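Participant: Have a look at this one.
Here, each number is a calculation from the coordinates, and none is a lab measurement. Every value quoted in this text rests on a predicted model; they were computed, and no experiment measured them. Positions of Cβ are backbone-derived with ideal geometry, glycine not excepted, and every protein chain shown enters the neighbour counts.
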Amino acid sequence: MNATFELLSPRLRLRRLQRDDAAAIFQYRSLPEVARFQSRESFTADDAATLIAAQEGIAPNTPGTWLQLLLTLKDQKTVVGDCGIHFLPGDDRQVELGITLSPEYQGRVPRPRTSG
């Protein structure tokens, strides 16, 4: 199951991973400054393809699973990073979030504008 899922803000888009996202995910997750915060020391192009393939069968709110979503700039569709939602086993009222950002966007992801 890989139903269409998309969250939009004025500047950002969060959506399910797609097979053609592998190169973009590999590009930032393979960097040493990003990989050191992951559960593995390196991240290969094959790892990106495997991550995406594994997500094809994940349904939201399935206890014990991680649902990975791609974070892009809304207008340019430029990949900023990804967000993992861990649906905790035994408690369907709580989730754990993990966010991986490309160093290019760390500290620079557009924030909501304030009026006034």
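Participant: Could you work out how far apart the two model spin labels at Glu96 and Ser9 are, taking each label as a point 7 Å from the Cα in the direction of the beta carbon, and quote it in nm?
Facilitator: Each label point is offset 7 Å from its Cα along the Cβ direction, giving 2.4 nm.
Participant: Which loop GluC sites (Glu not before Pro) in segment 6-66, with loop taken from DSSP, have no more than 13 other Cβ atoms within 10 angstrom of their Cβ?
Facilitator: Those that pass, being in a loop and sparsely packed, are Glu41, Glu56.
Participant: Which value, in debye to the nearest 20, gives the size of the charge dipole of the chain about its Cα centre, when Lys and Arg are +1 and Asp and Glu are -1 at the Cβ?
Facilitator: Computed about the Cα centre, the dipole is about 540 debye.
Participant: Please report the net charge: other residues with Cβ closer than 10 Å to the Cβ of Leu101, K and R +1, D and E -1.
Facilitator: That works out to -1.
Participant: Sticking with this one: On a full-extension model of 0.36 nm per residue, what is the gain between Asp46 and His86, subtracting their alpha-carbon distance, rounded to one decimal in nm? Spell out each step's value before the answer.
Facilitator: Working: separation 40, 0.36 × 40 = 14.40 nm, distance 2.24 nm.
This chain segment gains 12.2 nm when fully extended.
Participant: Once fully extended, how much extra length lies between Ala53 and Ala23, figured as 0.36 nm per residue of separation less the alpha-carbon to alpha-carbon distance?
Facilitator: 9.4 nm
Participant: Running a GNM on the chain with Cα contacts under 10 Å, which residue among Leu101, Leu88, Leu67 ends up with the highest mean-square fluctuation?
Facilitator: Its mean-square fluctuation being the largest, the pick is Leu88.
Participant: Consider a paramagnetic label point 7 Å from the Cα of Gln76 along Cα→Cβ; state which residues of segment 35-70 have an amide N under 11 Å from it.
Facilitator: none
Participant: Farthest toward the dipole's positive end in the chain, which of Leu101, Phe5, Leu73, given Cβ charges of +1 (Lys, Arg) and -1 (Asp, Glu) about the Cα centre?
Facilitator: Most positive-ward Cα: Leu73.
Participant: Right, something else. Put +1 on the Cβ of every Lys and Arg and -1 on every Asp and Glu Cβ in segment 6-101; which of Cys83, Ala53, Pro63 then has its Cα farthest towards the positive end of the dipole?
Facilitator: Of the listed residues, the answer is Cys83.
Participant: While we're here: For Cα pairs less than 8 Å apart in space and 6+ apart in sequence, what is the mean separation divided by the residue count of the chain, i.e. the relative contact order in percent? Please list the in-between numbers first.
Facilitator: Values: 187 pairs, mean separation 30.1, N = 116.
RCO, the chain: 26 percent.
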